[in-house]
Amino acid sequence: EIVYTRTNLDGNKDIWKVDTRTGLAERLTDADEIDISADWSPDGQSIIFSSERGGKLGLWTISSSGGKRLKLNRGGYGPRYSPDGTAILYWHEGSLWTAGTDGTRPQEIATASNPISGVWGRTALAFFAGGTIRTSEGEITGLSGRIFPWFDDHPQGGWLVSSIEIEKTELWALDLTFREY
């Protein structure tokens, strides 16, 4: 299954999931507020996402089978579960933060002025800023070409990066490329 943000004709964004075997899609959130930027927990039991429910964009979770949502904090964008499922990484008010999966013990880890999504790398937390992937250990070199600011760490080494090319004003093409560095 894949979890994603879907925008309806009125511009409202909700969290959906689709079964890649059957193509059947299911809406997980259904509110007037914007729900975006979802990530599965490593055990597959819950989904974390950003929502404007209650005002300011904050972090929420919901069971992967749907149901009642649970608010984790009062601010956050681009949440990602740690590989072991014990923590989350998210952006909030000019910085990247980590916290427990229940939203407790927030800790600022890096300054990042624009809203970004971070990645749990093998050796360090990573994020995209200034046209490059950066970690607490420095800048990742050797990545050429345009990298769209969403990328991921490959569990067997290297980085998964994507380039998005605009073919027409109404069409986006996505080319996922795996490169070992």
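The values are calculated or read from the model by the stated rules, or taken from the named source; none is laboratory data. The structure displayed is predicted, hence computed values, not measured ones. Here the Cβ positions follow ideal geometry from the backbone for every residue, glycine too, while neighbour counts run over all protein chains shown. Surface accessibility is based on the protein's heavy atoms, side chains included, excluding ligands, DNA and RNA. Shrake-Rupley method; radii C 1.70, N 1.55, O 1.52, S 1.80 Å.
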Cβ pairs under 9 Å, 6+ apart, first in the range 21-32 and among the small types (Gly, Ala, Ser), second part of a strand (DSSP E or B) and open to solvent by 90 Å² or more (accessible area, probe 1.4 Å):
Ala25/Arg6
So in the range 68-86, with the set limited to residues that are among the polar types (S, T, N, Q) and open to solvent by 20 Å² or more (accessible area, probe 1.4 Å), which one is nearest to Trp97 (Cα to Cα)?
Asn73
Name every residue in the range 2-13 that is touching a Ser or Thr at 6+ places or on another chain (Cβ under 9 Å) and loosely packed, with under 14 Cβ neighbours inside 10 Å, in order of residue number.
Ile2
Please note which strands (runs of 3 or more DSSP E) are completely contained in the range 14-67 and include at least 2 residues that are surrounded by 14 or more Cβ atoms within 10 Å (Cβ to Cβ).
35-40, 46-51, 58-63
So Arg105, is it assigned to a loop (DSSP other than H, G, I, E, B), at pLDDT 90 or above, farther than 22 Å from Glu1 by Cβ and of a type outside the set (A, V, I, L, M)
yes
Just one of the numbered conditions (1) open to solvent by less than 80 Å² (accessible area, probe 1.4 Å); (2) closer than 18 Å to Ala38 by Cβ; (3) over 12 Å from the mean Cα position of the chain (by Cα) is not true of Gly94; which one?
(2)
